[in-house]
Amino acid sequence: MKSLWKDDEAQRCDDDLAMRVYTSRLLGASEELVMHGGGNTSVKSTREDFFGEQHDVLYVKGSGWDLKTIEKEGFAPLLLNQTKRLAELESLTDDDMVAQLKLFCMDPSAPGPSVEAILHAILPFKFVDHTHTDAVVTLTNNPKGEKIMQELYPDCLILPYIMPGFILSKQVFDAIQGIDLNERKGIILLHHGVFTFDDDAKQSYETMIELVTRAEDYITRKGSTVHPKEESEIDLLELAEIRNVISKARGTAQLAQLNDSKKACGFASRDDVKTIATRGPITPDHVIRTKRTPVILKKNIEKNVSSYVDDYKTYFDTHTDGKLTMLDPAPRWGVWKHRGTLAFGSSVKECQIIHDITRHTLWAIQTGETLGGWQALPEKDIFDVEYWVLEQNKLKKAGQAKKHQGKIAIVTGAASGIGKATALALHAQGAVVVGLDIDTSIEKQFNQPDLKGIAVDITEMKKVKSAIERVVREFGGLDILVCNAGMFSTGQTIDKMDQDVWGKTLEVNLTATQLVMKYSIEYLKLGIDPTILIVGSRNVSAPGPGASAYSVSKAGLTQLARVAALELASDGVRVNVIHPDAVFDTGLWTKEALEKSAGRYNMSVDEYKKKNLLKREISSKQIGELLSTVASQTFINTTGAQISVDGGNDRVI
Ligand code: ZN
């Protein structure tokens, strides 16, 4: 591991806290040291209060901040002497510790201080760095872990595992009495991580790099092996089934994102994967993201997951004190035999965090196996962290789930108008949305990890099929299909009809939608509260002269939806039709077209836009929100329905 220290950048740090931010970010830049809020740092300094008096303070990393991106505001300024005194207490409850640290904080808007704040306070050095480094922890997760540590770190204080928080601070407090820490380079906490310290920021940081490098070199010397990848096809229906079963176990829709990289596939292809993957995480703090073990998926998916759930219940019953409430028993990651690893989460972000952690876990497990056997902490220690109130509080900050959280949606014709508004409405309610459109700008418009665009002509059979497969492959399945793409042609009476226009209109509005449905249905059947929404038209019930192709295609679409509702009800797939009208903020309605149409009725454009019983103009956004609502639980008992959204039309009523 190389030091990332740069003199010119360091020189720009004009106070203690700026320097603390700088080297914290250096630590955060290496995933091998810390990930996703892991690890913490501090600096001891002074701070002026409201009355102009100076106080000794400990600026310690606040919870919710990541070392990679931390700012000055990410540190909580705690009164140093009071914080230190807490370590002298015989015992301290979590609630009291949190309350006291809050009370000692000189800035009411600062984040809650790290649970390791007291430990930082009692180390008598200006800068304290703490990481959960893969290399060191992997070596401690070994039957000979302690021996290897003594061999590698004769110049450090080595302490057995104990749960983070007050008892860890107390353990370190007792251990350093009568010891001259100036003669020690750091503290190694078995199964947890490393502390380094110095009055100089660079020295503390570079000692961390030095200690980690020793472990890395040891691993390189002894050799770590990664199993080679075996080629295998991904069965998308099996993936959708896995997602379905996992979602049911968690009680809410989940994404299932596959990592089929060479390393993940190699791991999943090992004969011993079931035994080595299920011994436990690298460090206990991963448990709130990944649970203690993954599910091993092989052949009978339902049985694999139900036995995981049973094991989780046994694990809970064995270790609970009787006062705890069991969390959901669903796995957060899976090893899909021969195919790779899967992350299960309510959002792409959650899956990403799980993937990051599991990538390191695979490395640690396999390295551990080569070095004498991977051995994680006993179940009870992992359980204590999983059900530790201070860890659970972090998860609660995530807030209330949205209506479509964890759902996967496809919207056709999503580059503009109603399609775009619907895609945005579904996304705003938590769904992962993929918009399809013939307009290539869709790929630029929707370019986020959970809101994507695919440029595709939906009349092309193979491309439609592969676009749908791409969605399933990337997110694990499909729950919501909104068929909105269409074209509008008017001004031709039947006797003067251009047959190309007639044919094209039916092809785009009717046949292409049938194609999208055809290739989506097998995945929708495995979806969570799955639904198809068809965007029809007021013209179906109240056609107008000169629009035969459009009206017939939309009427055909409505009939297609009714048949689909009949065919799919037994699989729980709802199919409903929305008939919009008087939506003028779409690409179809240019200023000229509006003026022309209004003129035909002897109306102003404004009057024309409100030409309905309720005298209201209807926006694409309103239609999009309505479609999002019909896709939700609110309409769980409705299928085969046709809903008018036209401001009221006497011919329809
Ligand atoms: Zn830690």
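In the range 160-170, what count of residues is obtained for those that are within 25 Å of Gly368 (Cβ to Cβ) and either β-branched (Val, Ile, Thr) or surrounded by fewer than 17 Cβ atoms within 10 Å (Cβ to Cβ) (or both)? Step through it out loud before you land on a result.
Taking the range 160-170 and keeping what is within 25 Å of Gly368 (Cβ to Cβ), we get 160-164, 168.
Among the residues that remain, those that are also either β-branched (Val, Ile, Thr) or surrounded by fewer than 17 Cβ atoms within 10 Å (Cβ to Cβ) (or both) are: 160, 162-163.
Total satisfying the criteria: 3.
For the range 566-653, list the helices (runs of 4 or more DSSP H) that sit wholly inside it and hold at least 3 residues that are over 18 Å from Ile418 (Cα atoms); which are they?
In the range 566-653, the matching helices (runs of 4 or more DSSP H) lie at 591-600, 605-609.
For the range 339-352, enumerate the residues that are open to solvent by less than 20 Å² (accessible area, probe 1.4 Å) and either within 13 Å of Thr290 (Cα to Cα) or in a loop (DSSP other than H, G, I, E, B) (or both).
Within the range 339-352, Thr341, Leu342, Ala343, Phe344, Gly345, Cys351 meet the criteria.
Look at Ser489 and say whether it is in contact with a strand residue (DSSP E or B) (Cβ under 8 Å, 6 or more places away or on another chain) and either of a type in the set (S, T, N, Q) or surrounded by fewer than 17 Cβ atoms within 10 Å (Cβ to Cβ) (or both).
yes
Quick grid of which residues meet (1) over 22 Å from Glu238 (Cβ atoms); (2) out of contact with any helix residue (DSSP H, G or I) (no Cβ under 6 Å at 6 or more places or on another chain); (3) not small (Gly, Ala, Ser):
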position: Lys262; (1), (2), (3): no, yes, yes
position: Cys265; (1), (2), (3): no, yes, yes
position: Asp271; (1), (2), (3): no, yes, yes
position: Pro294; (1), (2), (3): no, no, yes
position: Asp328; (1), (2), (3): yes, no, yes
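Please specify each residue of the range 107-140 satisfying the condition of being under 23 Å from Asp199 (Cα atoms) and among the aliphatic types (A, V, I, L, M).
Just the residues of the range 107-140 that are under 23 Å from Asp199 (Cα atoms), to begin with: 113-133.
Answer for the range 107-140, where residues must be under 23 Å from Asp199 (Cα atoms) and among the aliphatic types (A, V, I, L, M): Val115, Ala117, Ile118, Leu119, Ala121, Ile122, Leu123, Val128.
Any chance the range 146-160 includes a residue that's within 16 Å of the ligand (Cβ to nearest atom), under 20 Å from Val115 (Cβ atoms), not aliphatic (A, V, I, L, M) and not assigned by TED's automatic domain parsing to the domain that holds Leu342? Can you show your working first?
Narrowing the range 146-160 to residues within 16 Å of the ligand (Cβ to nearest atom): 156-160.
Retained after the next criterion (residues that are under 20 Å from Val115 (Cβ atoms)): 159-160.
Next, from what is left, pick out any that are not aliphatic (A, V, I, L, M): 160.
Add one more test, that the residue is not assigned by TED's automatic domain parsing to the domain that holds Leu342, and what stays is 160.
Yes, because at least one residue in the range 146-160 is within 16 Å of the ligand (Cβ to nearest atom), under 20 Å from Val115 (Cβ atoms), not aliphatic (A, V, I, L, M) and not assigned by TED's automatic domain parsing to the domain that holds Leu342.
Could you go through the range 1-20 and let me know if any residue there is farther than 21 Å from Glu206 by Cα and not basic (Lys, Arg).
No, there is no match, as no residue in the range 1-20 is farther than 21 Å from Glu206 by Cα and not basic (Lys, Arg).
If I filter the range 171-191 down to residues being within 15 Å of the ligand (Cβ to nearest atom), at negative phi and open to solvent by 10 Å² or more (accessible area, probe 1.4 Å), which single residue comes out as nearest to the chain's Cα centre (by Cα)?
Residue satisfying both the conditions and the ranking: Leu190.
Sort through Ser619, Ser632, Ser628 and tell me the only one that's open to solvent by 20 Å² or more (accessible area, probe 1.4 Å) and small (Gly, Ala, Ser).
Going through Ser619, Ser632, Ser628 in turn, the sole match is Ser619.
Name the residues in the range 123-137 that are among the aliphatic types (A, V, I, L, M) and more than 15 Å from the ligand (Cβ to nearest atom), would you?
Ala135
Condition first: surrounded by 16 or more Cβ atoms within 10 Å (Cβ to Cβ), in contact with a Cys (Cβ under 6 Å, 6 or more places away or on another chain) and at pLDDT 95 or above. Can you find one or more residues in the range 228-235 that meet it?
The answer is no, given that none of the residues of the range 228-235 is surrounded by 16 or more Cβ atoms within 10 Å (Cβ to Cβ), in contact with a Cys (Cβ under 6 Å, 6 or more places away or on another chain) and at pLDDT 95 or above.
Suppose we keep only residues that are open to solvent by less than 10 Å² (accessible area, probe 1.4 Å) and free of Cβ contacts under 8 Å to residues at least 60 places away in the same chain within the range 290-305. Which one would you say is nearest to the ligand (Cβ to nearest atom)?
Val295
Within the range 149-157, is there a residue that is open to solvent by less than 50 Å² (accessible area, probe 1.4 Å), modelled with pLDDT of 95 or more and hydroxyl-bearing (Ser, Thr, Tyr)?
Checking the range 149-157: at least one residue is open to solvent by less than 50 Å² (accessible area, probe 1.4 Å), modelled with pLDDT of 95 or more and hydroxyl-bearing (Ser, Thr, Tyr).
Using the structure shown, decide if Val287 is within 16 Å of the ligand (Cβ to nearest atom), under 19 Å from the mean Cα position of the chain (by Cα), crowded, with 21+ Cβ neighbours inside 10 Å and not assigned by TED's automatic domain parsing to the domain that holds Gly39.
yes
Let's see how each residue does on (1) without any contact (Cβ under 8 Å) to a residue 40 or more places away in the chain; (2) crowded, with 18+ Cβ neighbours inside 10 Å; (3) more than 21 Å from Ser30 (Cβ to Cβ); (4) hydroxyl-bearing (Ser, Thr, Tyr):
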position: Ile354; (1), (2), (3), (4): no, yes, no, no
position: Ala364; (1), (2), (3), (4): no, yes, no, no
position: Thr367; (1), (2), (3), (4): no, yes, no, yes
position: Gly373; (1), (2), (3), (4): no, no, yes, no
position: Tyr387; (1), (2), (3), (4): no, yes, yes, yes
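Which one is least open to solvent (accessible area, probe 1.4 Å), of the residues in the range 38-67 that are among the charged types (D, E, K, R) and either within 16 Å of the ligand (Cβ to nearest atom) or assigned by TED's automatic domain parsing to the domain that holds Thr290 (or both)? Before you say what the answer is, go through the steps one by one.
Here is the first cut: in the range 38-67, the residues among the charged types (D, E, K, R) are 44, 47-49, 53, 56, 61, 66.
Keeping just the survivors that are either within 16 Å of the ligand (Cβ to nearest atom) or assigned by TED's automatic domain parsing to the domain that holds Thr290 (or both) gives 61, 66.
On the way: Lys61: 9, Asp66: 44 Å².
Looking at the filtered set, the residue picked out is Lys61.
In the range 492-509, what residues are open to solvent by 10 Å² or more (accessible area, probe 1.4 Å) and either β-branched (Val, Ile, Thr) or in contact with a strand residue (DSSP E or B) (Cβ under 7 Å, 6 or more places away or on another chain) (or both)?
Thr493, Ile494, Asp498, Val501, Val508
Go through Gly280, Gly322 for me and flag whichever is over 17 Å from Gln254 (Cα atoms), open to solvent by 20 Å² or more (accessible area, probe 1.4 Å), in the same structural domain as Leu255 (by TED's automatic domain parsing) and away from the ligand (no atom under 16 Å from the Cβ).
Details: Gly280 fails: open to solvent by 20 Å² or more (accessible area, probe 1.4 Å).
Every option except Gly322 fails the conditions.
Only one residue in Thr422, Thr370, Thr412, Thr440 is outside the structural domain of Val137 (by TED's automatic domain parsing), farther than 30 Å from Val273 by Cα and either over 25 Å from the mean Cα position of the chain (by Cα) or at pLDDT below 95 (or both), so which one is that?
Thr440
Filter the range 1-30 down to the residues that are within 16 Å of the ligand (Cβ to nearest atom) and out of contact with any Lys or Arg (no Cβ under 8 Å at 6 or more places or on another chain) and list them by number.
Hits for the range 1-30 are Leu27, Ser30.
Are any residues in the range 204-222 away from the ligand (no atom under 16 Å from the Cβ), closer than 23 Å to Val43 by Cβ and either of a type in the set (Val, Ile, Thr) or without any contact (Cβ under 8 Å) to a residue 60 or more places away in the chain (or both), and if so, which ones?
Thr207, Ile209, Glu210
Looking at (1) open to solvent by 40 Å² or more (accessible area, probe 1.4 Å); (2) over 20 Å from Ser551 (Cβ atoms); (3) out of contact with any strand residue (DSSP E or B) (no Cβ under 9 Å at 6 or more places or on another chain), which is the only condition Leu515 fails?
(1)
The values are calculated or read from the model by the stated rules, or taken from the named source; none is laboratory data. As the structure is a prediction and not an experimental result, all values here were calculated from the model. Cβ coordinates were reconstructed from backbone atoms using ideal geometry, including for glycine residues, and neighbour counts include every protein chain displayed. These area figures cover heavy atoms from the full protein model, side chains too; ligands, DNA and RNA do not enter into them. Shrake-Rupley method; radii C 1.70, N 1.55, O 1.52, S 1.80 Å.
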